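The values are calculated or read from the model by the stated rules, or taken from the named source; none is laboratory data. Since the model is a prediction, treat every value here as computed from it, not as a measurement. Neighbour counts run over all protein chains shown; Cβ positions are idealised from the backbone, glycine included.
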Amino acid sequence: MAAHTGQIIEYDDILNGDHEFAPDVDKIVANDSPAPLQLGPDGKYPVPMPGQKKNREY
């Protein structure tokens, strides 16, 4: 989490934080759900932006 946000992360931040590692990952249902990360219009997957996006990965 620290590497992807560019912030110092405390243990309580992990347990009580609202950081989202992938969009809607909590809504995945077995094999019936699409992958949380999709190709962009340029044909590339999104990448983490440390220090730019602080409450989610992508």
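Scanning the range 7-40 for residues that are assigned to a helix (DSSP H, G or I) and closer than 19 Å to Gln52 by Cα yields Asp13, Ile14. Within the range 18-46, the set of residues being under 22 Å from Ile8 (Cβ atoms) and exposed (fewer than 11 other Cβ atoms within 10 Å of the Cβ) comprises just one member, Asp18. Among residues of the range 1-21 that are under 20 Å from Pro46 (Cβ atoms), those with a beta-carbon under 8 Å from a residue that is at pLDDT below 80 and basic (Lys, Arg) at least six positions away or on a different chain give the pairs Thr5/Lys53; Thr5/Lys54; Gly6/Lys54; Gln7/Lys54; His19/Arg56; Glu20/Arg56; Phe21/Arg56.
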